[in-house]
1. Could you list all residues from the range 40-66 that are in contact with a Lys or Arg (Cβ under 6 Å, 6 or more places away or on another chain) and not hydroxyl-bearing (Ser, Thr, Tyr)?
2. What are the pairs with Cβ atoms under 8 angstrom where one residue, in the range 116-144, is among the basic types (Lys, Arg) and the other, located anywhere, is outside any loop (DSSP other than H, G, I, E, B)? Sequence gap at least six, or different chains.
3. In the range 50-74, which residue that is in contact (Cβ under 8 Å) with a residue 40 or more places away in the chain and out of contact with any strand residue (DSSP E or B) (no Cβ under 7 Å at 6 or more places or on another chain) is nearest to THR106 (Cα to Cα)?
4. Taking interchain pairs and intrachain pairs at least six residues apart, which have beta carbon atoms under 7 angstrom, with the first residue in the range 90-109 and more than 15 Å from PRO133 (Cβ to Cβ) and the second among the basic types (Lys, Arg) and in a helix (DSSP H, G or I)?
5. Among (1) at pLDDT 85 or above; (2) within 23 Å of ALA212 (Cα to Cα), which single condition is LEU17 missing?
Amino acid sequence: MNAFRFRITAALVACILLAVTQPALAKKEKPPQTSHDGLELVQGSKADIAYLLPNADMSGYSRVMLLEPHIAFKKNWKRDHNRAAVNRVTDRDMARMIERGKDLFTHVFTDELEEGGYPVVHEPGQDVLLVRPAIINLDVAAPDVGAGRTYTYTASAGEATLYIELYDSVTGQILVRALDRKADRDTDLRWTMSRNRSTNTHDARRALRHWAGLLVKALDRSKNNKLE
C-alpha cells in the first residue's frame, strides 16, 4: 500500500469518523455495532471507541510503520480564541503549532513504541503494522504565540481527540480504527496555573505518551489474540 495515498486521505477519513462518532461521545450514546467497512465495535475498549476487523490476527506484527500524523484544530478555534486574547493567533502561528505537534507526536510515539519492543521502520513488511494517526478537534486553551516569553493563567491546557487506524502494511487491509478524546479539565479546580509553550508541550507530551502506551499494550495483548 502506497504511504502517500494514506496521507492524502487522512483528513477526509478523520472528518467522516468524527461526524459519526463525536455526537455519540458527547451524548453518551452507543456507537454503531458495525462500521461502514465491516469493522465490529470492541466492547470494553481502553479507547472511547474502537472497531476491529472480525477474526483479525494481530499477533504477527513485531514492527511498526508510523505515518506522519494529521493535525486539525477544532472548528473556529482561532476565531473563538482571538475574541478575548491579548496575543492574537494568526494562520502562520497555527501552521507552526501544527508542525511542532507533528514532530512531537512522531518523537513520542517512536520512543514509546521502541521502548515497548516495537521498532519503528519506514518500509512495509510481513511483520510490519502500518499506523495512520491523526489529532483532531484540537483546542489549545492558552497558546504561547506572543513575542518573548508570555504567560496565560488557566485551569485547563485544552483538549484533543486521537483518531488512529491500523493496517497491514503489505495488503493495505484495515484492521483497527479507534478514537479517544482527552481533555485536561477539572471542574472542581479552585485555582489556575500559568501556561506557556513549555507547560503546553509538557501536557501534550503526557497525552501522547498515554495514547502511545495504549497502542503498545494493545500490541502486547494481541500476542494472545486479544485486542482492546
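The values are calculated or read from the model by the stated rules, or taken from the named source; none is laboratory data. The structure displayed is predicted, hence computed values, not measured ones. Cβ: placed from backbone, ideal geometry, glycine included. Neighbour counts: every protein chain shown.
1. The answer is ASP48, and nothing else.
2. ARG132/PHE6; ARG132/ALA10; ARG132/ILE164; ARG132/GLU165; ARG132/LEU166; ARG132/TYR167
3. GLU68
4. Between residues of the range 90-109 that are more than 15 Å from PRO133 (Cβ to Cβ) and residues that are among the basic types (Lys, Arg) and in a helix (DSSP H, G or I), the close pairs are MET94/LYS78.
5. (1)
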